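For reference, the structure discussed in these notes is given below.
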Amino acid sequence: KVLHNRYYGKTMRNAVRKLRATTDKAEASAMYPGIVKMLDKLAKTNVIHKNKAGNLKSKLAIYINKLA
């Protein structure tokens, strides 16, 4: 169970990192829904806190909107 949660937590962090490294707005916009789905699922199963999921979604949305 712990390894399972750690795996999904790490996968989520890598996905977020990958989106933040993207400089293309279209590509980032395409990745965003999948990452949001992942964050919501992890928050629902208490792997991460729901507020953390919300904060990450908000920050990523702001980042995508700032891309030219």
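The values are calculated or read from the model by the stated rules, or taken from the named source; none is laboratory data. Since the structure is predicted, the reported quantities are computational estimates derived from the model, not experimental observations. As a convention, Cβ positions derive from the backbone with ideal geometry for all residues, glycine included, and neighbour counts pool all protein chains shown. Heavy atoms of the whole protein, side chains included, go into the accessibility calculation; ligands, DNA and RNA do not. Shrake-Rupley method; radii C 1.70, N 1.55, O 1.52, S 1.80 Å.
Please work out if residue 43 is among the small types (Gly, Ala, Ser) and either touching a residue at least 24 places away in the same chain (Cβ under 8 Å) or open to solvent by 40 Å² or more (accessible area, probe 1.4 Å) (or both).
no
Sort through 35, 48, 62 and tell me the only one that's surrounded by 16 or more Cβ atoms within 10 Å (Cβ to Cβ) and assigned to a helix (DSSP H, G or I). Lay out the reasoning, then the answer.
On the way: 48 fails: assigned to a helix (DSSP H, G or I); 62 fails: surrounded by 16 or more Cβ atoms within 10 Å (Cβ to Cβ).
Going through 35, 48, 62 in turn, just one is surrounded by 16 or more Cβ atoms within 10 Å (Cβ to Cβ) and assigned to a helix (DSSP H, G or I): 35.
Being at pLDDT below 95, part of a helix (DSSP H, G or I) and open to solvent by less than 30 Å² (accessible area, probe 1.4 Å) is the requirement here; does residue 53 meet it?
no
Just to be sure I understand, how many residues within the stretch 7-28 are open to solvent by less than 20 Å² (accessible area, probe 1.4 Å) and more than 9 Å from the chain's Cα centre (by Cα)?
So the answer is 3.
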